[in-house]
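The values are calculated or read from the model by the stated rules, or taken from the named source; none is laboratory data. Quick caveat, the model's predicted, so the values are computed rather than measured. Because the Cβ atoms are built from the backbone with ideal geometry, glycine has one as well, and the counts that use them run over all protein chains shown. Please note that ligands, DNA and RNA were not included when accessible areas were found on the heavy atoms of the full protein model with its side chains. Shrake-Rupley method; radii C 1.70, N 1.55, O 1.52, S 1.80 Å.
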Amino acid sequence: MKDDSTAEAYNFAYLDEQTKRMIRRAILKGLAVPGYQVPFASREMPMPYGWGTGGVQVTAACLVPEDRLKVIDQGADDTTNAVSIRKFFSRTAGVATTERTQDATLIQTRHRIPETPLHVGQILVYQVPIPEPLRFLEPRETETRKMHELEEYGLMHVKLYEDIARHGQIATSYDYPVMVEGRYVMDPSPIPKFDNPKLSGSPAIQLFGAGREQRIYALPPFTKVVSLDFDDHPFQPSKAAHDCDLCGAARSYLDEVITDDQGGRMFVCSDTDFCAGRREMGHKGRLWAPETEGAA
Amino acid sequence: MSLVEKIGTTDTPLLKVAGLSKHYGARIGCADVNFDLYPGEVLGIVGESGSGKSTLLSCLAGHQRPDTGQIAYDGRDILAMSESERRRLGRTDWAYVHQNPRDGLRMGVSAGGNVGERLMAVGARHYGDIRGKATDWLGRVEITTDRIDDRPSSFSGGMQQRLQIARNLVTGPRLVFMDEPTGGLDVSVQARLLDLLRGLVRDLGLSVVIVTHDLAVVRLLAHRLMVMQGGRVIEQGLTDQVLDDPQHAYSQLLVSSVLQV
């Protein structure tokens with residue numbers, strides 16, 4: 001079978017209609033109670049746990065034939081995970097795909113929020129490994145559920161306290177816990193804390209799927225999301241103190257790339273679409289050398 | 001204000017227990033327990049293993065629900081409270097010191113974090129203040145401040161128990177439940193811990209319900225004493241009175257069983 005042909009043997013977007021219905025019910029409940037983890041009957045997907053089985057199921061339940069899908073992995077459109085999932089849906093759902101954030105109607109992401117601001121009508125689907133923000137402090141599921149029920153979130157600050165006591169600052173740099181609408185403490189999935197402010201007041205719908213842990217949670221558009229902190233150690237989104245070496249962007253999240261064994265390194269935007277878009281507009285970074293005609 | 005004055009000014013009991021019973025199937029956990037605990041008063045509960053002391057304590061602290069009876073704290077019916085209210089009370093006005101400090105501490109969290117947890121649970125959000133209070137309380141329980149960032153797993157048994165006490169008292173509770181706080185400690189460490197507890201109870205005017213099988217502990221700490229056997233209270237009265245002139249046959253046995261060195 002050719003890669004770009006639609007697999008006729010499968011139902012639209014792989015999952016059967018009853019399963020999609022069940023997932024949609026969980027999504028609707030999640031949207032009705034922002035930040036609350038809704039249990040759902042996660043299915044076996046044709047990929048290993050940890051590769052985005054939760055996100056893929058949420059995406060499958062949300063896709064319609066008119067959608068245009070974008071998939072990113074750590075901000076990049078061209079990494080294995082992103083390419084595989086994009087190909088999976090173009091085969092099983094036959095939907096159009098894109099790499100451009102503003103053109104996509106549904107974006108599945110692993111560990112980043114695109115730099116380009118999202119707009120009304122878009123859905124952002126996160127892949128979540130461990131949905132329970134309290135898990136590493138309180139291993140008992142019965143107890144963490146009770147803590148959510150009774151809003152006993154002091155423990156979350158114990159984690160931040162430990163950070164400051166040990167490192168002099170809040171060293172948690174990803175998976176940074178947030179408070180949703182003053183009610184539920186939520187794990188934003190392992191996005192860098194640089195992206196945390198983008199969670200709040202976003203015009204797009206944000207859905208979180210954890211396949212192994214069988215939980216779905218959601219942020220409806222324009223939800224207030226606050227990163228937890230101390231009065232004397234306020235939340236600070238952090239990034240590498242550089243400009244992008246390809247597009248020169250000063251305010252985008254950067255990946256550090258080791259270029260040789262002499263200590264050479266470069267910093268590039270982790271969001272490849274954002275970086276390419278800026279270069280098209282003529283922005284140049286320190287190391288940008290346009291490919292000459294005929295070069296491979 | 002001295003302790004005597006404190007007790008003198010309040011004639012309403014802090015904790016009022018009436019007709020409390022708890023059964024495990026057909027077996028009796030504890031049956032028909034009645035007592036009043038006044039502010040600043042320390043009540044000791046002694047008895048052999050299986051006499052229902054721990055069942056009684058866990059019913060009082062809200063860890064288990066009694067079958068019948070009433071518990072009123074500060075005029076409020078504990079059993080009619082919602083769980084969130086009861087747990088809130090457990091974090092603010094009450095404290096529970098476990099026999100094994102591992103049950104009461106978070107072993108993966110530093111000493112300072114352990115003490116600070118209750119403060120953060122009731123809304124403290126200023127790191128400097130929390131740290132200051134934790135330092136102060138570690139000092140009060142004789143843990144040197146350079147250990148503040150060490151985990152309790154690196155502490156000795158006695159230090160862990162003192163840390164547990166600091167963690168419990170930091171929010172200024174009025175009522176403390178203690179389940180064999182000196183169990184498993186050697187005698188010299190026990191003596192220091194008892195000395196510390198006695199000082200804290202006196203300075204802070206705490207009301208304490210202390211469960212133990214060690215008569216020396218209640219002799220030092222408790223104002224009043226309840227002797228339990230087979231789930232029932234068989235004798236109660238002032239500590240010295242019960243220990244020096246036990247009336248019930250079992251109390252006499254208990255007192256005479258203490259080894260004189």
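Taking B:Thr55 as meeting all but one of (1) hydroxyl-bearing (Ser, Thr, Tyr); (2) open to solvent by 10 Å² or more (accessible area, probe 1.4 Å); (3) closer than 24 Å to A:Tyr161 by Cβ, write down the number of the exception.
(3)
Checking the condition closer than 30 Å to B:Asp150 by Cα and either at pLDDT 95 or above or not in a helix (DSSP H, G or I) (or both), which residue from A:Arg135, A:Arg166 passes?
One residue alone meets the criteria, A:Arg135.
Name the one entry in A:Arg212, A:Arg265 that is out of contact with any strand residue (DSSP E or B) (no Cβ under 7 Å at 6 or more places or on another chain) and of a type outside the set (Ser, Thr, Tyr).
Just a single option satisfies the conditions, and that option is A:Arg212.
Open to solvent by less than 10 Å² (accessible area, probe 1.4 Å), at the interface with another protein chain (Cβ under 8 Å from one of its Cβ atoms) and of a type in the set (A, V, I, L, M): does that describe B:Ile143?
In short, no.
Quick test of your reading of the structure: B:Ala95 fulfils all but one of (1) open to solvent by 10 Å² or more (accessible area, probe 1.4 Å); (2) outside any helix (DSSP H, G or I); (3) more than 14 Å from chain A (Cβ to nearest Cβ). Name the failing condition by number.
For B:Ala95, the exception is condition (1).
Return the residue satisfying two criteria in turn: it lies in segment A:258-275 and is open to solvent by less than 60 Å² (accessible area, probe 1.4 Å) and free of Cβ contacts under 8 Å to residues at least 40 places away in the same chain, and of such residues it is farthest from A:Pro114 (Cα to Cα).
A:Gly263
May I ask you to list the residues in segment B:67-88 that are open to solvent by 10 Å² or more (accessible area, probe 1.4 Å) and assigned to a loop (DSSP other than H, G, I, E, B)?
Once the filter is applied, which keeps residues that are open to solvent by 10 Å² or more (accessible area, probe 1.4 Å) and assigned to a loop (DSSP other than H, G, I, E, B), segment B:67-88 yields B:Asp67, B:Asp74, B:Gly75, B:Leu79, B:Ala80, B:Met81, B:Ser82.
Just give me the residues in segment B:59-73 being under 27 Å from B:Arg202 (Cβ atoms) and at pLDDT 90 or above, in sequence order.
The answer is B:Leu60, B:Ala61, B:Ile71, B:Ala72, B:Tyr73.
Name the residue that is surrounded by the most Cβ atoms within 10 Å (Cβ to Cβ), counting only residues in segment A:148-204 that are under 13 Å from A:Thr223 (Cα atoms) and within 14 Å of chain B (Cβ to nearest Cβ).
Among those that are under 13 Å from A:Thr223 (Cα atoms) and within 14 Å of chain B (Cβ to nearest Cβ), it is A:Met179.
Just give me the residues in segment A:25-46 being out of contact with any Lys or Arg (no Cβ under 9 Å at 6 or more places or on another chain), over 21 Å from A:Ile85 (Cα atoms) and not small (Gly, Ala, Ser), in sequence order.
Listed by number, the residues that qualify are A:Arg25, A:Leu28, A:Lys29, A:Leu31.
Going by what's in this entry, would B:Gln247 be described as in a loop (DSSP other than H, G, I, E, B), open to solvent by 30 Å² or more (accessible area, probe 1.4 Å) and at pLDDT 90 or above?
It is true that B:Gln247 is in a loop (DSSP other than H, G, I, E, B), open to solvent by 30 Å² or more (accessible area, probe 1.4 Å) and at pLDDT 90 or above.
So which residues in segment A:169-228 are more than 17 Å from A:Leu118 (Cα to Cα) and among the aliphatic types (A, V, I, L, M), if there are any at all?
Selection gives A:Ile170, A:Ala171, A:Val178, A:Met179, A:Val180, A:Val185, A:Met186, A:Ala210, A:Ile216, A:Val226, A:Leu228.
For segment A:74-102, enumerate the residues that are β-branched (Val, Ile, Thr) and surrounded by 15 or more Cβ atoms within 10 Å (Cβ to Cβ).
Answer for segment A:74-102, where residues must be β-branched (Val, Ile, Thr) and surrounded by 15 or more Cβ atoms within 10 Å (Cβ to Cβ): A:Thr79, A:Ile85, A:Thr92, A:Val95, A:Thr97, A:Thr98, A:Thr101.
Condition first: within 14 Å of another protein chain (Cβ to nearest Cβ) and under 23 Å from B:Gly62 (Cβ atoms). Now tell me which residues in segment B:148-180 satisfy that.
Across segment B:148-180, the qualifying residues are B:Arg167, B:Val170, B:Thr171.
Per-residue answers, yes or no, for (1) in contact (Cβ under 8 Å) with a residue 60 or more places away in the chain; (2) over 16 Å from the mean Cα position of the chain (by Cα); (3) surrounded by fewer than 20 Cβ atoms within 10 Å (Cβ to Cβ):
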site: B:Leu169; (1), (2), (3): yes, no, no
site: B:Pro181; (1), (2), (3): yes, no, no
site: B:Arg192; (1), (2), (3): no, yes, yes
site: B:Ala222; (1), (2), (3): yes, no, no
site: B:Ile234; (1), (2), (3): no, yes, yes
site: B:Thr239; (1), (2), (3): yes, yes, no
